[in-house]
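Visitor: Before I ask anything, let me first share the structure, which is written out below as C-alpha cells.
Please treat every number below as a calculation from the coordinates, not as lab data. Bear in mind that the values here come from a model prediction, so they are computed numbers and not experimental data. Don't worry about glycine lacking a Cβ; one is built from the backbone with ideal geometry, like all the others, and counts go over all protein chains shown.
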Amino acid sequence: MAPKAYVSPVVDSTLVFKQDIFRGKVVFCTGGGSGICRGMTEAMMRHGADAAIFGRKLERLTQTASELSEATGRTCIPTSGDVRQPNMLKEAVEKTLQRFGRIDFVICGAAGNFLAPISGLSENAFRTVMEIDTIGSYNTVKATLPHVRFSKGSYVFVSATLHYNATPYQAHVSAAKAGVDALAKVLAVEEGPHGVRSNVIAPGPIGNTEGMERLSNKAPQHLGINAGPVGRIGDIKDIANATVFLFSDAASFITGQVLPVDGGWEHLRTTQLPYPQAVLDPKSVNNMIKSRM
Ligand code: HXC
C-alpha cells in the first residue's frame, strides 16, 4: 500500500513572526473588503499595523474595518471608491493620512474576473478588467508613491499564476495580471534608490474565497482539488503569511520578484483536460480554471 501523503499545516503568521513588527506602520489595501486582501490586511494588523481598506462597497468595507479593528486591537478605516478613478484614490489616501499621518505599505489587490472566451468578450469587457487590475494598480501606485517613498516603505501586488500558460476563458485576466507583474518589477527598479521595494504575490488555488466559489461554481475543496505537492488546497492565511514576510525587514533584499504561493501546484499541472473538448465545453473550462487559481 502506498504511504499516506504528507499534508502541510495551515499556520498563522503570529506563530512565526513577532507580533509587533509593524507597530507604528500603516498599510493601505485596495480590495481589502473581502477575500484574500482582507486576510492580508488582517495579518498586517495582527503584527501591529493600522490599516485603510479601499473598495467600491462602502457598507461591506465599513463592516470589515470594524471587524478587523475588533479582532486585532488596531485601527482599520474604510475608504470607498473605484480604483479606475484616480481622484477617488487620491481622496482615500488623503483620508488615510489625516487619520494616521503616514502610509508605509500598499497592497494593490483590487481585481475583477469572470469566465468568457475571447469570442464572447466585448471590447468593454476586456477593457474593464484591464482597467480594474492593471490601470487600477497603476492608479494606486501614483496616489501613494510620494508617501511610501517618505516612509521608505514597500508594495505588494496581488497577481495570479494563470497567465504563465494559456488559460482558456481568461484572456482578459491573463493580460491584466501580466501587466501587473511588469508594473511591479519596473517599480522595484525605479524606486529602489528611494528605499522602496515592490513585489508580487501570485496566489494558486485558494479555497476559502468568494471569488473562487463564483468562478468555479463550488469551492475547490469540494471538487477534489486537495492534493498538490503540499497535500492540500491553499488558504487565505497562506497568502497573508507571505505578505507579512515580504513587507518585513526579513525580505529587505527581495524586490522586483513574483512569488507564487501555490503549494507547488503550477509545477504539477503538466497536462490539460482533453483538448479541444475542454475549450469548447464551458463546464470543462470551469474544471480547468479551478485548478489554476
Ligand atoms: C462576458 C461580461 C461578463 C461575463 C461582465 N461582462 N461579466 N462579459 N461574460 N461573465 C462585461 C459586461 O457585459 C460589460 O461589457 C463589461 O464586462 C463591464 O461589465 P460591468 O458589469 O458593467 O462592469 P462593472 O460593474 O465594473 O463590473 C466589473 C466586473 C464584475 C469585473 C465585470 O464582474 C465585478 O465587479 N466583479 C466583482 C469583483 C470580482 O470579480 N472580484 C473577483 C476577484 S478574484 P459590455 O460590452 O456589455 O458593456 C480575481 C482573481 C483573478 O480577480 C486572478 C485569478 C487567479
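Visitor: If R₀ is 25 angstrom, what is the calculated FRET efficiency for the pair residue 277 and residue 175, using the beta carbon separation as r and rounding to 0.05?
Guide: 0.50
Visitor: If you don't mind, there's one more thing I want to ask. Output the 0 to 90 degree angle, nearest 10, between the alpha-carbon long axis of helix 58-72 and the longest principal axis computed from the alpha carbons of the chain.
Guide: Tilt of helix 58-72: around 70 degrees.
Visitor: Of the cross-linked pairs 25/95; 25/57; 95/177, which ones have a Cα-Cα span greater than 19 Å in the structure shown?
Guide: From 25/95; 25/57; 95/177, over 19 Å: 25/57; 95/177.
Visitor: Kindly express, to the nearest 10 degrees and within the range 0 to 90, the angle between helix 236-247's C-alpha long axis and the longest C-alpha principal axis of the chain.
Guide: The helix 236-247 is inclined about 50 degrees to the chain.
Visitor: Could you go through region 153-167 in sequence order and give the Karplus-derived ³J(HN,Hα) for each residue, using 6.51 cos²θ - 1.76 cosθ + 1.60 with θ = phi - 60°, rounded to whole Hz, and x for Gly and Pro?
Guide: Values per residue, Gly and Pro as x: x, 7, 10, 10, 9, 9, 10, 6, 10, 5, 8, 6, 9, 5, 10 Hz.
Visitor: On a 0 to 90° scale, report how tilted helix 86-100 is relative to the longest principal axis of the chain, with both axes built from alpha carbons and the result rounded to the nearest 10.
Guide: Tilt of helix 86-100: around 50 degrees.
Visitor: Scan around residue 259 for amide H atoms under 5 Å from its own, H built in the peptide plane at 1.01 Å from N, and keep only partners 5 or more places away or cross-chain.
Guide: 200, 201, 202
Visitor: Under a plain spin-label model, where a point goes 7 Å from the Cα along Cα-to-Cβ, how far apart in nm are residue 151 and residue 59?
Guide: Modelled inter-label distance: 3.1 nm.
Visitor: Near the amide H of residue 208, under 5 Å away, which other amide H atoms are found, from residues 5 or more places off or on another chain, if H is placed in the peptide plane?
Guide: Residues meeting the amide H criterion: 236.
Visitor: Kindly state, to the nearest 0.05, the FRET efficiency for residue 166 paired with residue 125, given R0 = 25 Å and r defined as their beta-carbon distance.
Guide: Rounded to the nearest 0.05, the efficiency is 0.85.
Visitor: What trypsin sites (Lys or Arg not before Pro) does region 1-79 have in DSSP loop regions with at most 13 other beta carbons within 10 Å?
Guide: In loop regions of region 1-79 (DSSP not H, G, I, E or B), the sparsely surrounded trypsin sites (Lys or Arg not before Pro) are 4, 18, 23, 57.
Visitor: Here is a further query. Using θ = phi - 60° and the Karplus relation 6.51 cos²θ - 1.76 cosθ + 1.60, list the HN-Hα couplings for region 28-41 in order, rounded to whole Hz, with x at every Gly or Pro.
Guide: Residue by residue, region 28-41 yields 10, 10, 7, x, x, x, 7, x, 4, 5, 4, x, 5, 5 Hz.
Visitor: Sticking with this one: Any chance you could check the Cα centroid distance between region 124-163 and region 13-51 for me, in angstrom?
Guide: A separation of 18 Å, based on Cα centres.
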